[in-house]
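Report on the structure given below.
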Ligand SMILES: [Zn+2]
């Protein structure tokens with residue numbers, strides 16, 4: 001599934017919109033359904049609990065494997081978070097500002113090692129302008145002339 005354009009956006013200026021509220025409502029509905037399914041599931045056996053405990057207590061990843069992000073939640077609050085390796089941040093988090101649970105991430109931006117947002121792609125220096133056909137043809141002619149000259153000096 002393609003990520004919406006808003007997700008990798010500068011967090012400070014992003015304002016959650018109606019589309020984000022629709023996604024939050026769908027997320028809330030899905031979480032309510034999961035809660036019902038979990039509440040109706042039979043209790044775990046001692047063996048299952050033991051297996052889960054073993055799976056969850058594995059070695060912790062090295063801190064260098066974590067990537068830091070600034071995220072904006074559907075409630076409009078921004079907060080820092082982490083993800084492992086190159087994974088994007090979680091899809092939903094509990095907001096530490098307003099206490100709302102399970103707010104979806106509507107925008108996120110990678111942070112550098114000092115915790116500062118990495119440059120905004122919309123204000124980052126742009127690549128040089130695209131050259132015209134005439135300029136490219138002139139460069140090709142120049143390179144061909146240099147190549148011919150080099151051949152003449154190597155094989156007089
Ligand atoms: Zn909030």
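Each value in this text was obtained by applying a stated rule to the coordinates, not by laboratory testing. This one's a predicted model, so the numbers in the text were calculated from it and none came from an experiment. Don't worry about glycine lacking a Cβ; one is built from the backbone with ideal geometry, like all the others, and counts go over all protein chains shown.
What relative contact order, as a whole-number percentage, does segment 11-112 give when Cα pairs under 8 Å and 6 or more residues apart are counted?
Details: 123 pairs, mean separation 31.3, N = 102.
Across segment 11-112, relative contact order equals 31 percent.
Return the calculated 222 nm mean residue ellipticity for the chain, to the nearest 500 deg cm²/dmol, obtained by summing -39500 (n - 2.57) across DSSP H runs with n ≥ 4 and dividing by the residue count. Please list the in-between numbers first.
Details: 3 runs with 56 residues, N = 156.
Result for the chain, helices only: -12000 deg cm²/dmol.
Placing R0 at 41 angstrom, the Cβ-Cβ distance between residue 32 and residue 132 gives a FRET efficiency of 0.10 after rounding to 0.05. Computed from Cα atoms, the angle from the helix 18-40 axis to the main principal axis of the chain rounds to 40 degrees. Calculated over the chain, the projected area of the Cα convex hull averaged across directions stands at 18.5 nm².
Our estimate of slack between residue 49 and residue 113, defined as 0.36 nm per intervening residue step minus the Cα-Cα distance, is 19.3 nm. Helix 133-154 and the longest principal axis of the Cα set of the chain meet at an angle near 60°.
Mind ordering 13-19, 134-140 by average Cβ neighbours within 10 Å, highest first?
By packing density, highest mean first, the sequence is 13-19, 134-140.
Calculation over all alpha carbon pairs of segment 20-100 in 10 angstrom steps from 0 returns a P(r) of 14, 28, 35, 22, 1 percent. Binning the C-alpha pair distances of segment 38-82 at 10 Å intervals from 0 yields a P(r) profile of 20, 23, 24, 32, 1 %, listed from the shortest bin outward.
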